[in-house]
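The structure appears right after this line, and notes come after that.
The values are calculated or read from the model by the stated rules, or taken from the named source; none is laboratory data. This is a predicted model, so every value here is computed, not measured. Methodologically, a virtual Cβ is constructed for each residue, glycine included, from the backbone with ideal geometry; neighbour enumeration extends over all protein chains shown. To get the accessible areas, we keep the full protein, side chains included, count just its heavy atoms, and leave off ligands, DNA and RNA. Shrake-Rupley method; radii C 1.70, N 1.55, O 1.52, S 1.80 Å.
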Amino acid sequence: MKLLTIVGARPQFIKASVVSKAIIEQGGLSEKIIHTGQHFDTNMSEIFFDQLGIPRPDFQLDIHGGSHGEMTGRMLMEIERVMIHEKPDRVLVYGDTNSTLAGALAAAKLHIPVAHIEAGLRSFNMRMPEEINRILTDQMSDLLFCPTQTAITNLTKEGFSDKPVKILKSGDVMQDSAMFFARRASKPEGFNISDGFVLATLHRAENTDDRIRLKSIVDALNIIHNTVAPVLLPLHPRTRKIIEETGLALEVNLIDPVGYLEMIWLLQRCGLVLTDSGGVQKEAFFFSRPCVTMRDQTEWVELVEAGANVLCGADSCLITAAVRDGINRIVQDNEHLYGGGQAAPFIADHLSRL
Ligand code: UD1
Ligand code: UDP
């Protein structure tokens, strides 16, 4: 079985780190990797290959920037070229980025079966580029590895149980990564803030590209930093550019994006996670930290239901109040909502038996 995997953005490298390892350990499967180039800074891409032992990509497409259509279209052309040459038996895609959609679409048009890892997630907000990407990718996949029961339910409601596809509850590969790399956590260079700080991330288009939302979030971050606890913000390059362009004054501890081992170290020591990331919401839970999410919806609704995550949109009062209320609370994972760290071997085993 010849697999061709498409990755391109930071969270996909972290997910692929455990799945590619499981694929090697499983035996009977060969994997080649395309890196689309969507993320390209050293600390958004190469650092993860170095730290996490991900096999080096066989194909580097170096495609990034431009509009959604332009980026996805260029990826589609180049990925198709590789697929025609490599003739894989199956294509593997992760999550919901433009790289995911381009990989799935190129494969579907060539009648190559697609396996989607992190299938079935929905925010029910079609203005999110990720929602479009994930719905279309699910439609083109015949093997849908769902991280949660909610994801299975979403697909069932959309009529997937009547289609000739396999829907499997694999658990979440991000829990595998968190558990595997937890003991290799590494202190970021020069870090000198006491435990109990607020670990923040901010990059979601709906926040960065809306001036009113962005200002409201910056206000909240500044208030929290000045009155509740120090805020540490490893800033995504997208957000850094926009903050510089708009001239908004961020008074928090700003650092460049960190590697995954450093991110885990920070998660293990912070008092609360404040984020608009998908993956980081769950990582807060994996490391027993409360989470405040700066979005109007989340795909990870079970965390909100379990009281581990509070949705605050971009409202600075709500965000500040939720952080004050939640900081240093310990969150317990009693329910194994995400499969307990066995998703990658499950996926590799399943692929090997096709
Ligand atoms: C993308 C995904 C998003 C995911 C995020 C993970 C889509 C539509 N969005 O968003 O779902 O949550 O990745 O981080 O696929 N940039 C750099 N250097 C880099 C990477 C990005 O400078 O290494 C800048 C570029 O100016 C680029 C902008 O960030 O134009 C946005 O990057 P892009 O990949 O389009 O979207 P993300 O916001 O990273
Ligand atoms: N992450 C990281 N360094 C950082 C910020 C995030 O390694 O400076 C990791 C984080 O721990 C998680 C993943 O990147 O595993 C989440 O990616 P991101 O927030 O960019 O994307 P999303 O999950 O929202 O798609």
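Quick notes
- For the stretch 21-41, the set of residues classified as surrounded by fewer than 24 Cβ atoms within 10 Å (Cβ to Cβ) and either assigned to a helix (DSSP H, G or I) or among the aliphatic types (A, V, I, L, M) (or both) consists of 21, 22, 24, 25, 26, 29, 33, listed by residue number.
- Tally of residues being loosely packed, with under 15 Cβ neighbours inside 10 Å and part of a helix (DSSP H, G or I) across the stretch 163-186: 3
- Residues in the stretch 187-209 that are open to solvent by 60 Å² or more (accessible area, probe 1.4 Å) and of a type in the set (Asp, Glu) were compared, and the one that is farthest from residue 327 (Cα to Cα) is 209.
- Search result, residues across the stretch 338-354 that are in contact with a Leu (Cβ under 8 Å, 6 or more places away or on another chain) and open to solvent by less than 40 Å² (accessible area, probe 1.4 Å): 348, 350, 351
- Count of the stretch 320-339 residues, restricted to those that are out of contact with any strand residue (DSSP E or B) (no Cβ under 6 Å at 6 or more places or on another chain) and in contact (Cβ under 8 Å) with a residue 60 or more places away in the chain, is 6.
- Scope the stretch 42-58; condition outside any helix (DSSP H, G or I) and surrounded by 20 or more Cβ atoms within 10 Å (Cβ to Cβ); matching residues: 45, 54, 57
- For the criterion of being part of a loop (DSSP other than H, G, I, E, B) and open to solvent by 40 Å² or more (accessible area, probe 1.4 Å), residue 296 passes.
- Counted residues, the stretch 126-149 - those being of a type in the set (D, E, K, R) and buried (at least 23 other Cβ atoms within 10 Å of the Cβ): 2
So that you can scan it fast, the table gives a plain yes or no per residue for (1) within 29 Å of residue 13 (Cα to Cα); (2) touching a residue at least 40 places away in the same chain (Cβ under 8 Å):
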residue	(1), (2)
175	yes, yes
180	yes, yes
217	yes, yes
235	yes, no
238	yes, no
251	no, no
258	yes, yes
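- Some residue of the stretch 69-88 being buried (at least 19 other Cβ atoms within 10 Å of the Cβ) and in contact with a Phe, Trp or Tyr (Cβ under 6 Å, 6 or more places away or on another chain): no
- Of residues in the stretch 1-13 being part of a helix (DSSP H, G or I) and open to solvent by less than 10 Å² (accessible area, probe 1.4 Å), the one farthest from ligand 1 (Cβ to nearest atom): 13
- Among the residues of the stretch 14-37, the ones that are over 17 Å from residue 259 (Cα atoms), within 16 Å of ligand 1 (Cβ to nearest atom) and touching a Ser or Thr at 6+ places or on another chain (Cβ under 6 Å) come to 1 in all.
- Applying the criterion of being in a helix (DSSP H, G or I) and either aliphatic (A, V, I, L, M) or touching a strand residue (DSSP E or B) at 6+ places or on another chain (Cβ under 6 Å) (or both) to the residues of the stretch 256-292, the residue that is surrounded by the most Cβ atoms within 10 Å (Cβ to Cβ) is 284.
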